[in-house]
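Inspection log for the structure reproduced underneath, given as structure tokens.
The values are calculated or read from the model by the stated rules, or taken from the named source; none is laboratory data. What you are looking at is a predicted structure, and each value in this text was computed from that prediction instead of being measured. We place every Cβ from the backbone using ideal geometry, glycine too, and count neighbours over all the protein chains shown. We work out accessible area using only protein heavy atoms, side chains counted, and drop any ligands, DNA or RNA first. Shrake-Rupley method; radii C 1.70, N 1.55, O 1.52, S 1.80 Å.
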Amino acid sequence: MKAVLKNYAKEVREIYNEGEFSEYSFRTPLEELLKNILNGCDVKVIHESGREDFGAPDFKIKGKGKIVGYIETKNIDVDLHKLSGRDKEQLERYKENIENLILTNYKEFILYQYGEKVEDVVILDDNLNLIEANIEKFERLIERFLSLSTPEIKEPTKLAEFLAKRARLLRDAILENLDENEEIKALYEAFKEHLISDMKKEEFADAYAQTIVYGLFMARFNIEGELTKEKVAFKGIPKSLRVIHEIFKHIASDLPDYLDWIVDEIITILNNIDIRKIEDSFKIVGKEDAFLHFYEDFLASYNPELRKSKGVYYTPLPVVEFIVNSVDEILKDRFGKRLHDENVRILDPATGTGTFLATVLERVHKNVKHTLFHVYLKERLLKNIYGFEILISPYLVAHLKLSMLLHNWHITLRGEERFNVYLTNALDLMRSPKQSGLFERILDKEREEADKVKKEVNIFAVIGNPPYEVRASEGWIHELMKDYLLGLGVEKEKKKGALQDEYVKFIRFAQWKIEQNGKGIVGFITNNSYLDGLVHRRMRQCLMEVFDEIYILNLHGNVRRGEKDENVFDIQQGVCIGIFVKLREGKHKAEDCKVYYYSIVHDAGLTKREDKYEFLENNTIKTVEWKELKPKEPYYFFVPKDLSLEDEYNKFLKLTDIFKIYGSGIVSGKDDALIQFEKEKIKSIIKDILNPNVSIEKIQEKYKLNDTSAWKPSERIKKARRDGEFKEEKIMKILYRPFDIRYVYYDNHLLQRALFDTMKHFILGENIGLASVRQISSSNLKEFNYTLITDKITDRCLLSSATREGVYIFPLYQYIENKITKEIQKVPNIKENVLKLIKQKYNATPEDFLYYIYAILHDPKYREKYKEFLKIDFPRIPLYDKETFEKYKEIGKKLVELHLMKNIPTQDIDIEGNNLKVESVKYDKKKKGVKINKETILLGIDENVWEFKIGGYKVIEKYLKGRKGRKLTIDELEHIYKVVYIIKETIKLMRELEKIEPQ
């Protein structure tokens, strides 16, 4: 070893002393060194020479059919401990995804294993002489490097992890080189033109990388003996999967170096797995589907955020089986058919990994004699089962999964036989293509066949788990969606975004397909917001006009609504199973449809995920104890509602009948940066953001102002900078949360939603306004408390962070420019007919009427009596007699002054402990105080004050938690005790309101 290293040092010195050298100049001596010291280990050195593309290490060490590891070189003068820029990013990527890596600058060698530095040795000094004292350490580093090689993988979880790492490397290499590689760029353009028009480069790189990995994975099961790229292309991928087959033909022909080494590594890994053990583990037993878990494990390791953003969560088998079994029972009992009958065509329009279609096959396999299944499959099922999937990797996984399921039953598809699962967007029809290359023609062929199913094939059952993602409707689905958007006043709604959710469009698509057939069934698990969403009322009516029976199994699990039960998915949005049955052709009155409902939480009393699964496993549509609902105009709710007081309540004036204009609270887009506790802090941040000498990219990185589909700070900052310099007068107070006043830079360009049309009436002059919500999503609401008074700019989440519970502001006055004098005039924001009415009935001013409204909304009797209606829409205000009006008005005035914090006496601060940093917030019943950390407690706060809520927030708790990690100032402590006083007085005044007997 000593002689070999001395010779290496001599060769390096000679090159260095010649003067002109680069990183690549020293590779020959390093290669010779490696060949000499690894010679006896049956290790092959593959030198990736002369390549400067992104994505591949410089040396690959391979032996006995396994990859030992990689070596990455840097220039001889580079400090390996102070890498920056691209070099640093590259090393981090390699450490994350390569288990065995040596980094060297030809003098120092650092060994990383599983991302951790395990050995570090310098063998050449600054004069490039061998450091003989470190020879033993170098030998140990090499031995440790050689001792780790690609293991034989027997567990699916481990395989998923290994493949995910290589997929990440593929993705990054594709993305970095996409614009330079014409063939891959052509694939990207073809996908955009023929499949997903708004596909981003990052999304294509993801899709391509996952396709390669899963294609190789599929080939491993289809090929006897060792995998090679050529075998994969021509034997491993069925020719019937034309799109995938074409991609792999490209891989086998001429793959660039920066991708080739990763593909080679994946093939090496797959050649070293125990294929039979892996295959056995994919056999579905009970409620566990190992294949689905494998895909989940892969995505979780590959990119958890991608999984969340695309809604790529596998549907739990108990859910799938409940839907499929119920559909089969309805077919048998109501139509005299079965899943395997000649004219029963089944479609999953959001196939994902094929779980629903696989379960259909299993149900049929169970229904018929096993000897007949093969005949049914070839003669009917392959023709009658359809699926659409827009993402190429799940599409490939679905075909792989279905093929493996058949393999378990000793059935193999031959030649052009395939499942009719198509790579297509279910909600779009093919447009005239601009390109006509081979790959484009193959994509077009796939879409043509899918479009024929969409337009012409009669479907008897539509099943699945559509994605949950809001995006604008395009093409023909946009026309179909008009049925949900027009009618019952939905077209007048300001916010209709919830109807743009993909799952709503999939329900509309499924409804259309069943109408096309005349009869049939839809069985979906979806977001459950359509059950009682206000803007979904026409959708519910439309479904009732088409289907004869609707069954809603509410699985709940909505964290955003404050529900405490566990979701059947790992998501925050509540879900439900909807089964829609059409027994006769044509439409009918909505009231002729029978709607049945069952809550797994409230009716079955189940809150744990496993208990919900067990319920689904042990029940079908025939055994659930359904409760019949009677949905009626105008809302047609698909959940139980006590609306017995509806006629009485509807006689009252709704807030929107009283006030001329109203609007949402503002949305900053990034509260952490754009809303601050101190005026000086927001001033400093905004000056930084508007500074033209600081790049927008740096500003975005510094303040985490990331571009999203809803808000693009990069563009907003450009506009704000063009608009001019920082303006002191734009710094304004904002009512951020109840009694929590902060500072915002009120700029229409910077803020995501500034809502100037409403907020200007608080900027141009003094004003007060009512803050309330239109709908309450909290299913466990004990009382209506979603109202507060404001006299300043107000945040949308003032009363709740729930999406549906965004606050609306009803200003008491408007500030309007006189068209003649150009002066700003203050005019009441109360409609003329109402002004006239309150003048005649009560001789009241606009202020008097607002006080009255505010008192009504705080009356516990009113809140309890009309609770169901207050959940549904803006509050309605009863107009009692003059005597009652005066009583409410006087208390309302006191409440308004209290809640605007006018003339609040200074309160004594009662505190135990000196540490004022808020670390945790917890109530101490014994001491009647609030702990803000282990040492300090704020005393003198009664439990009813602590529990007092405005909207979705406990007031004191929310104020303190909003300051977590912050040291409370004296001003804030005084403020807290003033709020305690306000709450105490509010409770007293609400008791007085409760005593009033309205006339």
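Residue-level check: of (1) at pLDDT 95 or above; (2) of a type outside the set (Gly, Ala, Ser); (3) touching a Lys or Arg at 6+ places or on another chain (Cβ under 7 Å); (4) open to solvent by less than 70 Å² (accessible area, probe 1.4 Å), residue 655 misses just (3). Picking from residues in segment 482-536 that are open to solvent by 40 Å² or more (accessible area, probe 1.4 Å) and in a loop (DSSP other than H, G, I, E, B), the one that is farthest from residue 333 (Cα to Cα) is 494.
Scanning segment 951-981 for residues that are aliphatic (A, V, I, L, M), under 22 Å from residue 676 (Cα atoms) and surrounded by 14 or more Cβ atoms within 10 Å (Cβ to Cβ) returns 955, 956, 960, 968, 973, 976, 979.
Given the conditions (1) touching a helix residue (DSSP H, G or I) at 6+ places or on another chain (Cβ under 8 Å); (2) closer than 19 Å to residue 871 by Cβ, which single one is not true for residue 562? Here residue 562 meets the rest and fails (1). Would segment 925-943 turn up any residue that is surrounded by fewer than 19 Cβ atoms within 10 Å (Cβ to Cβ) and farther than 17 Å from residue 912 by Cα? Yes, that holds for at least one residue.
Going residue by residue through segment 863-873, is there one that turns out to be open to solvent by less than 20 Å² (accessible area, probe 1.4 Å), of a type in the set (Phe, Trp, Tyr) and modelled with pLDDT under 95? Checked segment 863-873: at least one residue is open to solvent by less than 20 Å² (accessible area, probe 1.4 Å), of a type in the set (Phe, Trp, Tyr) and modelled with pLDDT under 95. Taking first residues from segment 108-137 that are under 24 Å from residue 10 (Cα atoms) and partners that are surrounded by 13 or more Cβ atoms within 10 Å (Cβ to Cβ) and of a type in the set (S, T, N, Q), the Cβ contacts under 7 Å between residues at least 6 apart in sequence or on separate chains come to 121/134; 122/134; 123/134.
Output yes when any residue across segment 539-546 is closer than 23 Å to residue 515 by Cα, open to solvent by 30 Å² or more (accessible area, probe 1.4 Å) and either among the basic types (Lys, Arg) or modelled with pLDDT of 95 or more (or both), and no when none is. For segment 539-546, residues closer than 23 Å to residue 515 by Cα, open to solvent by 30 Å² or more (accessible area, probe 1.4 Å) and either among the basic types (Lys, Arg) or modelled with pLDDT of 95 or more (or both): present. Looking across segment 954-999, the residues that are closer than 15 Å to residue 798 by Cα and either more than 34 Å from the chain's Cα centre (by Cα) or not in a helix (DSSP H, G or I) (or both) come down to 954, 962. Within segment 571-624, restricting attention to residues that are among the acidic types (Asp, Glu) and part of a loop (DSSP other than H, G, I, E, B), the residue that is least open to solvent (accessible area, probe 1.4 Å) is 603. Of all the criteria given as (1) surrounded by fewer than 19 Cβ atoms within 10 Å (Cβ to Cβ); (2) at pLDDT 70 or above; (3) in contact with a helix residue (DSSP H, G or I) (Cβ under 8 Å, 6 or more places away or on another chain); (4) basic (Lys, Arg), the one not satisfied by residue 441 is (3). Residues in segment 364-392 that are within 18 Å of residue 332 (Cα to Cα) and open to solvent by 40 Å² or more (accessible area, probe 1.4 Å): 366, 367, 369, 376, 380. Does at least one position in segment 129-140 carry a residue that is among the polar types (S, T, N, Q) and farther than 21 Å from residue 26 by Cβ? No, there is no match, as no residue in segment 129-140 is among the polar types (S, T, N, Q) and farther than 21 Å from residue 26 by Cβ. Residue 352 passes every criterion in (1) under 21 Å from the mean Cα position of the chain (by Cα); (2) open to solvent by less than 10 Å² (accessible area, probe 1.4 Å); (3) at pLDDT below 95 apart from (2). Are any of the residues in segment 808-830 part of a helix (DSSP H, G or I), surrounded by fewer than 21 Cβ atoms within 10 Å (Cβ to Cβ) and not polar (S, T, N, Q)? So far as segment 808-830 goes, no, none of its residues is part of a helix (DSSP H, G or I), surrounded by fewer than 21 Cβ atoms within 10 Å (Cβ to Cβ) and not polar (S, T, N, Q).
The helices (runs of 4 or more DSSP H) located wholly in segment 841-953 that include 1 or more residues which are closer than 30 Å to residue 529 by Cα occupy 846-858, 860-865, 867-872, 943-947.
Residue count for segment 296-330, restricted to those that are open to solvent by 30 Å² or more (accessible area, probe 1.4 Å) and at pLDDT 90 or above: 3. Looking only at segment 676-709, residues that are surrounded by 16 or more Cβ atoms within 10 Å (Cβ to Cβ) and in a helix (DSSP H, G or I) come to 10 in all. Looking at this structure, is residue 62 open to solvent by 40 Å² or more (accessible area, probe 1.4 Å), touching a strand residue (DSSP E or B) at 6+ places or on another chain (Cβ under 6 Å), closer than 20 Å to residue 173 by Cβ and not in a loop (DSSP other than H, G, I, E, B)? Yes, satisfied. Test residue 881 against the criterion of being touching a residue at least 60 places away in the same chain (Cβ under 8 Å), touching a Pro at 6+ places or on another chain (Cβ under 9 Å) and open to solvent by 30 Å² or more (accessible area, probe 1.4 Å), and give yes or no. Here the answer is yes, as residue 881 does meet what is asked.
Quick check: is even one residue across segment 712-729 closer than 30 Å to residue 979 by Cα and either of a type in the set (A, V, I, L, M) or open to solvent by 70 Å² or more (accessible area, probe 1.4 Å) (or both)? Taking every residue of segment 712-729 in turn, at least one turns out to be closer than 30 Å to residue 979 by Cα and either of a type in the set (A, V, I, L, M) or open to solvent by 70 Å² or more (accessible area, probe 1.4 Å) (or both). Evaluate segment 366-387: report whether one residue or more is among the aliphatic types (A, V, I, L, M), out of contact with any Leu (no Cβ under 6 Å at 6 or more places or on another chain) and modelled with pLDDT under 85. No, segment 366-387 contains no residue that is among the aliphatic types (A, V, I, L, M), out of contact with any Leu (no Cβ under 6 Å at 6 or more places or on another chain) and modelled with pLDDT under 85. A Cβ distance below 7 Å, combined with a sequence gap of six or more or placement on separate chains, defines the contacts here; from segment 567-578, residues that are in contact (Cβ under 8 Å) with a residue 24 or more places away in the chain reach residues that are of a type in the set (Gly, Ala, Ser) and surrounded by 24 or more Cβ atoms within 10 Å (Cβ to Cβ) in the pairs 567/557; 568/557; 574/557; 575/557.
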